[in-house]
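*Asks:* Below is the structure I would like to discuss, written out as structure tokens.
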Amino acid sequence: MRMGSVLRLSGLLFGFAFLYVPIALVILYSFNESRLVTVWGGFSTRWYGELLANEQLLDSVVMSLHVALSSALLATVLGTAAAVSLARRKRFTGRLAFSSMIFAPLVMPEVITGLSLLLLFVALDVPRGFWTIVIAHATLGMCFVTVLVHARLQGLDRSLEEAAMDLGASPLRTLFSVTLPLALPSICAGYALAFTLSLDDFVLASFTSGPGSTTLPMRIYSQMRLGVTPQINAISTLMMGGVAIVLLAAWFIERRKTAAR
Amino acid sequence: MNKPPLITLDSVTKRYGAVVAVDTVSLEIDAGAFFALLGPSGCGKTTLMRLIAGFETPDEGRILIDGEDMAGVPPHLRPVNMMFQSYALFPHMDVASNIAFGLVQARMPKPKIKARVADLLDLVQLKGFEARKPDQLSGGQRQRVALARALARNPRLVLLDEPLAALDKKLREETQFELMRVQRELGTAFLVVTHDQDEAMVMAQRIAVMRSGRIEQIGTPLMIYEEPATRFVAGFIGDANQLEGTVVETGQGLCSVELAKGARVTARGASVNGAKVVVMVRPEHMQLGGAGLPGLVLDCAYRGDMQMIRVELLGGGIVRVASFGVQAQAMLQRGSQVMVSFAPQFARVLPS
């Protein structure tokens with residue numbers, strides 16, 4: 001083998017190791033018999049069983065899924081609406097200001113977003129809980145949805161919408177029968193992104209949650225302070241499995257669609 | 001008898017910043033007419049079409065459809081339909097839904113829509129393609145779906161933006177006659193925008209020649225070819241020899257024009273003595289021989305049915321002479337001396 005290809009191969013291996021060794025360790029140790037996270041004590045599914053009995057942890061999983069589903073929905077609706085106005089309304093006062101401001105939360109440190117939301121909720125005397133987390137996550141998610149949908153709308157042939165109007169569709173009908181269906185792939189991608197962002201967010205949730213609304217990342221963090229239990233490895237493995245199944249399904253559907261062409 | 005025109009444009013002007021895209025254009029299109037807007041790219045013909053469709057609003061002037069002022073009427077409420085240059089077929093709908101789109105918007109009952117779509121597919125000879133998606137069609141088939149979609153609502157006028165530009169040469173010729181057939185069968189008025197003079201000449205009953213936002217001439221293909229109003233029209237449609245000179249004598253619809261080196265020619269047209277003019281003669285109306293302008297043969301291009309001979313006149317300038325028939329068989333030597341002549345009735349005096 002030549003020097004160059006050796007270098008390339010080892011670079012590749014190192015890169016993948018960098019990405020996947022920690023994940024592999026988590027999966028491996030989730031099947032560890034031993035209570036100690038760093039000592040291998042033989043294969044067992046004992047922690048999965050204990051996990052199913054840990055109501056606190058399961059509650060937080062349900063809470064996290066609820067928050068993620070609702071906040072992603074809210075983010076998608078708001079983000080799509082923002083993208084449509086930015087891409088399609090010709091000119092309105094403050095268009096430039098809006099289009100730059102919509103992207104601000106993307107670069108804003110989450111701590112600051114979280115703090116400012118907390119201050120707002122306190123000032124408005126809103127009791128913190130499920131809905132405040134949903135709102136916080138939606139503000140973050142909607143920026144991503146807007147970016148994705150906006151890019152798609154920019155790339156869309158304007159004459160398609162003009163054709164719809166020409167054929168008698170009012171602007172609103174055009175939006176629902178042509179513009180949005182054509183932007184659907186990026187709207188779905190936006191939803192998926194907002195969902196994952198919400199699922200793994202810790203910072204915003206800890207600022208805006210209240211009693212009885214503990215999300216999974218918060219629960220894991222608080223358990224970590226009492227010591228890492230292999231249950232955490234188990235739940236992480238389950239989450240990764242879920243994500244992998246969703247990704248595989250998406251890939252499979254996409255491939256079948258291309259094959260049908 | 002005196003029916004009002006279907007479309008009336010009354011001194012319509014459209015500006016984009018400092019650029020005047022359409023400059024005080026007035027024209028009328030009758031119901032059932034096949035009308036072509038012809039001009040080089042960027043002459044404002046597409047903008048004019050978009051003004052009629054309602055995608056742009058004129059800065060000045062009025063657009064009337066069936067005598068009704070279209071100011072403030074949005075595109076979806078106008079009785080015209082457009083076939084886009086890109087066809088703009090909805091990629092997420094099949095052929096039948098694409099064609100039915102306009103009918104669904106008009107809230108036509110479902111069974112009637114089905115029947116109408118079947119009729120239209122018949123008209124454009126695409127039976128059996130109902131369930132195809134646009135990306136499963138060839139360019140020519142897409143073009144026909146777009147035409148059927150634009151015709152579905154029975155519009156008073158169909159706007160066709162460069163309808164043949166995306167097709168290859170052979171298909172383009174077939175489609176020209178196809179469009180003419182459909183137009184004849186339905187009696188719907190067609191307004192075609194094109195930069196291709198052949199297309200306009202073949203298909204249209206009337207042509208408006210546009211140049212930098214203005215209409216240079218409106219007339220039948222025959223009028224525009226035989227009686228061009230300006231130098232631009234003469235040069236844009238067909239081949240034209242243009243000889244510059246000064247009018248020295250006028251009378252009885254004829255002008256005597258003195259060319260650069262003192263040669264005089266006679267041509268039809270009205271002008272005044274001393275005016276700088278151009279004498280326009282089509283290559284097929286020029287002959288070699290006879291009493292005329294002396295010149296040297298530059299080259300001959302044999303084209304089978306005719307020969308195109310380029311002659312450099314001793315008085316300056318190069319003319320093209322089309323030679324048909326037996327005469328065409330004798331190839332002329334480069335550099336041989338010839339006389340170029342033409343009958344006054346085939347020569348036109350145009351303002352310089």
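*Asks:* Among the candidates A:SER213, A:SER206, which residue alone is open to solvent by 50 Å² or more (accessible area, probe 1.4 Å) and in contact (Cβ under 8 Å) with a residue 40 or more places away in the chain?
*Replies:* A:SER206
*Asks:* For region B:166-188, does any single residue satisfy the condition of being modelled with pLDDT under 90, open to solvent by 10 Å² or more (accessible area, probe 1.4 Å) and within 14 Å of chain A (Cβ to nearest Cβ)?
*Replies:* Looking for residues that are modelled with pLDDT under 90, open to solvent by 10 Å² or more (accessible area, probe 1.4 Å) and within 14 Å of chain A (Cβ to nearest Cβ), one finds at least one in region B:166-188, hence yes.
*Asks:* Something else: Report those strands (runs of 3 or more DSSP E) wholly inside region B:213-323 carrying at least 2 residues which are on the phi > 0 side of the Ramachandran plot and in contact with a strand residue (DSSP E or B) (Cβ under 9 Å, 6 or more places away or on another chain).
*Replies:* Of the strands (runs of 3 or more DSSP E) lying wholly inside region B:213-323, those with at least 2 residues that are on the phi > 0 side of the Ramachandran plot and in contact with a strand residue (DSSP E or B) (Cβ under 9 Å, 6 or more places away or on another chain) span B:286-302.
*Asks:* Which ones in region B:117-139 are open to solvent by 70 Å² or more (accessible area, probe 1.4 Å), assigned to a helix (DSSP H, G or I) and closer than 17 Å to B:TYR87 by Cα?
*Replies:* B:ASP135, B:GLN136
*Asks:* Would it be correct to say that A:PRO185 is within 30 Å of B:VAL158 (Cβ to Cβ), open to solvent by 40 Å² or more (accessible area, probe 1.4 Å) and within 13 Å of chain B (Cβ to nearest Cβ)?
*Replies:* Judged against the criteria, A:PRO185 is not a match.
*Asks:* Could I ask something else about it? Limited to region B:26-42, what total is found for residues that are modelled with pLDDT under 90 and either outside the structural domain of B:ARG156 (by TED's automatic domain parsing) or open to solvent by less than 10 Å² (accessible area, probe 1.4 Å) (or both)?
*Replies:* Summing the residues that are modelled with pLDDT under 90 and either outside the structural domain of B:ARG156 (by TED's automatic domain parsing) or open to solvent by less than 10 Å² (accessible area, probe 1.4 Å) (or both) in region B:26-42 gives 0.
*Asks:* Which of the residues spanning region B:77-91 are under 13 Å from B:ARG50 (Cα atoms) and touching a Leu at 6+ places or on another chain (Cβ under 8 Å)?
*Replies:* Matches in region B:77-91: B:VAL80, B:ASN81, B:MET82, B:MET83.
*Asks:* Before we move on, is A:ALA234 more than 14 Å from chain B (Cβ to nearest Cβ) and open to solvent by 30 Å² or more (accessible area, probe 1.4 Å)?
*Replies:* On the way: more than 14 Å from chain B (Cβ to nearest Cβ): yes; open to solvent by 30 Å² or more (accessible area, probe 1.4 Å): no.
Spelling it out, it is not the case that A:ALA234 is more than 14 Å from chain B (Cβ to nearest Cβ) and open to solvent by 30 Å² or more (accessible area, probe 1.4 Å).
*Asks:* Still on this structure, I have one more. Residue check, B:THR46 against (1) farther than 30 Å from B:GLY235 by Cα; (2) in contact (Cβ under 8 Å) with a residue 12 or more places away in the chain; (3) open to solvent by 10 Å² or more (accessible area, probe 1.4 Å); (4) within 14 Å of another protein chain (Cβ to nearest Cβ), all met but one. Which one?
*Replies:* (1)
*Asks:* Right, here's the next one. List pairs: first in region A:147-176 and facing chain B (nearest Cβ under 9 Å) and closer than 14 Å to B:ARG50 by Cα, second among the charged types (D, E, K, R) and not in a helix (DSSP H, G or I), Cβ under 6 Å, 6+ apart or cross-chain?
*Replies:* Cβ pairs passing all conditions: none.
*Asks:* Could you tell me whether B:VAL124 is in contact with a helix residue (DSSP H, G or I) (Cβ under 7 Å, 6 or more places away or on another chain), β-branched (Val, Ile, Thr) and modelled with pLDDT under 95?
*Replies:* It is true that B:VAL124 is in contact with a helix residue (DSSP H, G or I) (Cβ under 7 Å, 6 or more places away or on another chain), β-branched (Val, Ile, Thr) and modelled with pLDDT under 95.
*Asks:* Quick one: which residue in A:THR132, A:THR179 is open to solvent by less than 70 Å² (accessible area, probe 1.4 Å) and within 14 Å of another protein chain (Cβ to nearest Cβ)?
*Replies:* Being open to solvent by less than 70 Å² (accessible area, probe 1.4 Å) and within 14 Å of another protein chain (Cβ to nearest Cβ) holds for just one of A:THR132, A:THR179, which is A:THR179.
*Asks:* Go through region B:58-69 and count every residue that is in contact (Cβ under 8 Å) with a residue 40 or more places away in the chain and open to solvent by 50 Å² or more (accessible area, probe 1.4 Å).
*Replies:* Residues flagged as in contact (Cβ under 8 Å) with a residue 40 or more places away in the chain and open to solvent by 50 Å² or more (accessible area, probe 1.4 Å) within region B:58-69 amount to 5.
*Asks:* Considering only region A:1-119, give the helices (runs of 4 or more DSSP H) lying wholly within it that have at least 3 residues that are modelled with pLDDT under 90 and surrounded by 14 or more Cβ atoms within 10 Å (Cβ to Cβ).
*Replies:* Numbers: elements: A:3-30, A:46-53, A:55-88, A:95-101, A:104-107.
By residue number, A:3-30, A:46-53, A:55-88.
*Asks:* Would you pick out the residues in region B:98-111 that are more than 10 Å from chain A (Cβ to nearest Cβ) and more than 11 Å from B:ARG153 (Cα to Cα)?
*Replies:* B:PRO109, B:LYS110, B:PRO111
*Asks:* Sticking with this one: Considering only residues that are touching a Lys or Arg at 6+ places or on another chain (Cβ under 7 Å) and open to solvent by 60 Å² or more (accessible area, probe 1.4 Å), which ones fall in region B:70-90?
*Replies:* B:ALA71
*Asks:* Quick one: would you say B:ARG78 is more than 11 Å from chain A (Cβ to nearest Cβ), charged (D, E, K, R) and more than 28 Å from A:LEU184 (Cα to Cα)?
*Replies:* Taking the combined requirement at face value, the residue does not satisfy it.
The values are calculated or read from the model by the stated rules, or taken from the named source; none is laboratory data. Source: prediction; values computed, not measured. So basically every Cβ, Gly included, is an ideal-geometry build from the backbone, and we count neighbours across all protein chains shown. All accessible areas refer to the heavy atoms of the entire protein, side chains included, with ligands and DNA or RNA removed. Shrake-Rupley method; radii C 1.70, N 1.55, O 1.52, S 1.80 Å.
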